[in-house]
1. Output the number of residues of segment 140-174 satisfying the condition of being assigned to a helix (DSSP H, G or I) and surrounded by 12 or more Cβ atoms within 10 Å (Cβ to Cβ).
2. Considering only residues that are buried (at least 24 other Cβ atoms within 10 Å of the Cβ) and not in a helix (DSSP H, G or I), which ones fall in segment 108-131?
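Just so you know, all these numbers are worked out from the coordinates, no wet-lab data involved. What you see is a predicted model; the values in this text were computed from it and never measured. FYI the Cβ positions are ideal-geometry reconstructions off the backbone, even for glycines, and counts take in every protein chain you see.
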């Protein structure tokens, strides 16, 4: 019964609705609409804006889970760990919905943007923590290709799923951000 109070208090229901909406958006969009004119190697990128929409709502959930009442609780770290587990489970479920075209890209992009949301919460105030998981995909999507329609090496969201350094950067960023959140909580 106590967990239902936290689900309501932490706005996990809203995050679940956002995850369902994003999953339906990914499933309902025909694969031919992922193609971007003049960007030949980018059509498998699964439109990074879908996981960005999911990640934009993550800071409001994890900031609420570390609100004043939770910070003074004797089990604050355990509460943050539960919230992190739920958010990562929702991110995995969302990535499954986007896996119809390229599962590796769907999982990598969703994990990377969720990690950016956790990093934004640890570095920025809660009101601005949504900016990294929204602004960075926009920049990568708009200017992440070379004139010859090749993907820039820094544009991790647009790289193929077999790119090793993109996976390493994603794992490093997400692990660091989640660890910082679990140890310190969000920035007040």
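1. Of segment 140-174, the ones assigned to a helix (DSSP H, G or I) are 140-143, 156-158, 164-174.
Add one more test, that the residue is surrounded by 12 or more Cβ atoms within 10 Å (Cβ to Cβ), and what stays is 140-141, 156-158, 166-167, 169-171, 173-174.
Within segment 140-174, residues that are assigned to a helix (DSSP H, G or I) and surrounded by 12 or more Cβ atoms within 10 Å (Cβ to Cβ) number 12.
2. Our first condition is that a residue be buried (at least 24 other Cβ atoms within 10 Å of the Cβ); within segment 108-131, this holds for 108-110, 112-118, 120-121, 129.
Result: 129, single match.
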